[in-house]
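Student: I am attaching a structure below and will ask some questions about it afterwards.
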Amino acid sequence: MVEPGGPLPSAPNRKRGGCLPALVILAVLLGLGYGASKLFGDAGGKSSAPSSSSSSSASHDSGTWNVGDCGGPDPDDAPNGYKAFGCGDSGATFKALSVQSASILPDAIQCPAGTDLIIQVSVSYGSTKSKGGGIPTKTVCGRNLSGGHPGDAGAGGGQLVKGDCVTSTAKEVPCAPSGSDKYKVLDLVKESSQCPSGTTEPMRLTMAIGRPYDVICAAKA
């Protein structure tokens, strides 16, 4: 799976006036590109970090997020809003696999395998909830409760992990069906010399500050 993807009871009544902070969540679907290069030059690929081009807002009643919390679309803030739900509620669509500190460097966010969506939690102050604004505080790595799991290794979505497949231009694609221009990701490392045996296509990516790897170690799928 190569580079660069998601979805929380009804929102509580929002206070008008006052200065209590309101949490805003920016949900971002993985799947937009960063550059990858080999000896033949640059080519587009999928980013391993969230892109700001597809953002949504949401709130969490308690103001905090923990592993195991669930969320889904906010009917009071359609179509892009999301909010917290009990995991047994019909409105819940994803569960938090990991909760990390926010980062101003998108590529520094690395979620665990199986992550289908990444949500940035931000705090804004005042009586009005702002969409896409606020101060980033946390990043939630979520997994769909049902349906497909694009974040699974080989499924063609989510962040790049071992077991994913890419094209010769470092673009993430599903491993099935097989094809002439598909390569299996064996490892993600900083230098080509660190690639494991069996690597036939070390793909050096263009620089991205904060990303923990610069080379995709790949072999013909």
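The values are calculated or read from the model by the stated rules, or taken from the named source; none is laboratory data. Since the structure is predicted, the reported quantities are computational estimates derived from the model, not experimental observations. Here the Cβ is made from the backbone with ideal geometry for all residues, glycine too, and neighbour counts use every protein chain on show. SASA here: full protein model, heavy atoms, side chains in, ligands and nucleic acids out. Shrake-Rupley method; radii C 1.70, N 1.55, O 1.52, S 1.80 Å.
Student: Can you report the number of residues in segment 95-113 which are modelled with pLDDT of 90 or more and either over 15 Å from residue 138 (Cβ atoms) or among the charged types (D, E, K, R) (or both)?
Tutor: 1
Student: Among (1) at pLDDT 95 or above; (2) open to solvent by 30 Å² or more (accessible area, probe 1.4 Å), there is one condition residue 153 misses while meeting the rest; what is its number?
Tutor: The single condition residue 153 does not satisfy is (1).
Student: Moving on. Identify the residue in segment 114-129 that is at pLDDT below 65 and more than 21 Å from residue 72 (Cβ to Cβ) and, among all such residues, is surrounded by the fewest Cβ atoms within 10 Å (Cβ to Cβ). It would help to see each step written out before you state the result.
Tutor: Step one: of segment 114-129, the residues at pLDDT below 65 are 126-129.
Right, trim to more than 21 Å from residue 72 (Cβ to Cβ) and you get 126-128.
Working: 126: 13, 127: 12, 128: 10.
Ranking the candidates gives 128 first.
Student: I would also like to ask the following. Say we look at segment 184-200 and pick out the residues that are more than 12 Å from residue 154 (Cβ to Cβ) and in a strand (DSSP E or B); which of these is least open to solvent (accessible area, probe 1.4 Å)?
Tutor: Residues of segment 184-200 that are more than 12 Å from residue 154 (Cβ to Cβ), as a first pass: 186-200.
Subset that is in a strand (DSSP E or B): 186-189.
Details: 186: 58, 187: 35, 188: 39, 189: 15 Å².
So, considering only residues that are more than 12 Å from residue 154 (Cβ to Cβ) and in a strand (DSSP E or B), the one least open to solvent (accessible area, probe 1.4 Å) is 189.
Student: Moving on. Go through (1) modelled with pLDDT of 90 or more; (2) of a type in the set (S, T, N, Q); (3) within 27 Å of residue 98 (Cβ to Cβ) for residue 139 and report which single condition fails.
Tutor: Unmet for residue 139, out of (1) modelled with pLDDT of 90 or more; (2) of a type in the set (S, T, N, Q); (3) within 27 Å of residue 98 (Cβ to Cβ): (1).
Student: Right, something else. Can you name the residue in segment 50-76 that is modelled with pLDDT under 70 and of a type outside the set (Gly, Ala, Ser) and is also most open to solvent (accessible area, probe 1.4 Å) among such residues? Walk me through it before giving the result.
Tutor: As a first pass, look at segment 50-76 and keep what is modelled with pLDDT under 70: 50-63.
Applying the additional criterion that residues be of a type outside the set (Gly, Ala, Ser) yields 50, 60-61.
On the way: 50: 32, 60: 29, 61: 85 Å².
In this case the residue turns out to be 61.
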